[in-house]
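Report on one structure; see the data block that follows.
Bear in mind that the values in this text are calculations on the coordinates, not laboratory data. What you are looking at is a predicted structure, and each value in this text was computed from that prediction instead of being measured. Here the Cβ is made from the backbone with ideal geometry for all residues, glycine too, and neighbour counts use every protein chain on show.
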Amino acid sequence: LPAGLSQWFPALEVLDVSGTGLTEMGTELLSLPCLHTLLAKNNRLPGGPGLAPKGLGQAPLARSLRVLNLSGNRFSEVPPALLQLRGLRSLSLGGNRLHGIPPDIQELHSLEFLYLGGNFITAIPPELAKLPSLRYLVLCDNKIQSIPPQLAQLHSLRSLSLHNNLLTYLPREILNLVHLDELSLRGNPLVVRFVRDLTYNPPSLQELAGRTVKTRNVPYAPSDLPESLVRYLSLASNCPNPKCGGVYFDSCVRQIKFVDFCGKYRLPLMHYLCSPECSSPFSSASQSSTSQSESDSEDEASVAAHRMQKVLLG
Amino acid sequence: MEQPVQTETWKARSLEELVRILHQIFAEDKVSVDEVQALMESYESNPEEWLQYAKFDQYRYTRNLVDNGNGKFNLMILCWGEGHGSSIHDHTDSHCFMKILQGNLKETLFEWPEKKGNGEMIKKSERVLRENQCAYINDSIGLHRVENISHTEPAVSLHLYSPPFDTCNTFDQRTGHKHKVTMTFYSQFGERTVC
């Protein structure tokens, strides 16, 4: 960015430097107090290790910037400096070289629009679900193999784009996204036939302790535990068996069942259970007949299914 | 539009002129597909002329009516944000012309599924349409999906449908099952349509 920019244009609100060959942002950014939209697509960012100048978190920009478009650049990771832009509502990093999403993305708590299509992302951190205002999430054209069930906590989500990934199933919690109007799933190797996979890994000590804290309502405060454990406890999922009332973190029994969305097509959903002994009304151990358990799951799913009527750009 | 007609070589120098010539062509009993396609392609996209119709939606592509052709055709502008795409659909026995005004659109052609529709739909071909190119499709040619595969650029396209239609079938690529849908306009003649 040219030196003196903030002196010539102190009231600058929108800056478009797309397609200019930019390799770094430079210190001029720090002195633009009114900037709310920064478009820098199709450049050569980052040119070096540092995208943005030091002190970005303290600059007025950190509070004023609402829209940031860095699509079509060369980012192989989300630059940590970006996560200091607390006022950010819209972030696009489409068409870069990202291999993952940092858990600290949750710092952008005003985020409503997140475009990460066209990268090399393989997994989604559950912390992404901690963005309370997220309405539009684009993850298409990546290498994602599974969706964490915690993503169902994105209560504001209107549109979820997952097409052209490596998904073979979806967590059944996706049915809880009641405001979801658009869901694209095409171009994923979604399992079409009924598959049973009952391999079960015993829970870790951390998991067992976490379950006890949650189910017995053991009180704790952030000062009692390391931050990582506080975060871990917040990621508990409820066992889908209504009679169980248990919670689980990572350890679960997996079964893939099908749910028919308004006659569109059968979506494979992952039913997460606490343990093989926790028998859910709509699933049971390997001995039960498939037709009974399939129709049970359809009953339950049809209630949730009509919430997603406009959905499924298949 | 079956018989070959005396085809003229039109050159539309503006969007207004394009609409005017279309009215002229469609006033006749017989219209040539090649003539309309060539006419659409001859118009060199000038954003100043169509910006008022190009209303984007954050979540999905929009259909913005430009002209209703005295009932003979519908001319509309579609706005595709990054990553926006359509489902696989048919054209309810109508002719469909699609011209790119800005950006690029990928068109994937599919075979009609078997009556029962119980398997993955068969892809016939795919291509990326560039600015000012005009594609044509009708039900006898097949079904298609149109999408903006760019993650950095929005796309704008100009569509002509004759006769006009407001329902069509969408198809699930994995099974061939079809589902009738009603299409709506995001805006008409430059004014946002209230839902």
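Assuming a ≥ b ≥ c are the square roots of the Cα gyration tensor eigenvalues, decide whether the range A:1-79 counts as rounded (a/c under 1.5), prolate (otherwise, with a/b larger than b/c) or oblate. Here the range A:1-79 falls in the prolate category. Over chain B, Cα pairs under 8 Å with separation of 6+ residues give a relative contact order of 25 percent. Put a dot 7 Å past the Cα of residue A:86, heading toward its Cβ, do the same for residue B:49, and the two dots end up 5.1 nm apart.
Taking Lys and Arg as +1 and Asp and Glu as -1, the other residues whose beta-carbon sits under 12 Å from that of residue B:143 total -1. From least to most packed, judged by other beta carbons within 10 angstrom and beginning with the fewest, A:130, A:143 follow the order A:143, A:130.
Longer than 32 Å from Cα to Cα, which of A:130/B:178; B:11/B:178; B:72/B:178; B:11/B:55; B:123/B:180; B:99/B:123 are they? Say none if no pair is. From A:130/B:178; B:11/B:178; B:72/B:178; B:11/B:55; B:123/B:180; B:99/B:123, over 32 Å: A:130/B:178; B:11/B:178. Working from label points 7 Å from Cα in the Cα-to-Cβ sense, the residue B:120 to residue A:176 distance is 3.3 nm. Only one residue of A:206, A:225, A:249 has its Cα farthest out toward the positive end of the dipole of the range A:202-249, where Lys and Arg carry +1 and Asp and Glu -1 on Cβ, and that residue is A:249.
Where does the charge balance sit around residue A:203 when Lys and Arg score +1, Asp and Glu -1, over other residues with C-beta under 10 Å from its C-beta? So the surrounding residues net to -1.
Overall, the anisotropy analysis places chain B in the oblate class: the square-rooted eigenvalues a ≥ b ≥ c of its C-alpha gyration tensor yield a/c not less than 1.5, with a/b not exceeding b/c. The phi-based Karplus calculation (6.51 cos²θ - 1.76 cosθ + 1.60; θ = phi - 60°) puts the 3J(HN,Hα) values of the range B:81-90 at x, 4, x, 6, x, 9, 7, 6, 9, 9 Hz, whole numbers, x for Gly and Pro. Highest mean first, the peptides A:132-142, B:78-88, B:183-193, A:75-85 sorted by other C-beta atoms within 10 Å per residue fall in the order B:78-88, A:132-142, A:75-85, B:183-193.
Rounded to the nearest 20 debye, the dipole size of the range A:5-195 about its Cα centre is 260 debye, using +1 on the Cβ of Lys and Arg and -1 on the Cβ of Asp and Glu. Neighbour counts of C-beta atoms inside 10 Å place B:15, A:111 in the sequence B:15, A:111, starting with the fewest. From the largest down, the range A:5-195 spans 64, 29, 23 angstrom on the principal axes of its Cα atoms. Within a straight-line Cα-Cα reach of under 14 Å, residue B:115 can be paired with the following aspartates and glutamates, leaving aside sequence neighbours fewer than 8 residues apart in one chain: B:172. When every Cα-Cα distance of the range A:202-249 is counted in 10 angstrom steps from zero, the calculated P(r) takes the values 26, 56, 16, 1 percent.
Remark: the residue B:23-residue B:140 segment gains 39.6 nm on full extension, using 0.36 nm per residue and subtracting the alpha carbon distance.
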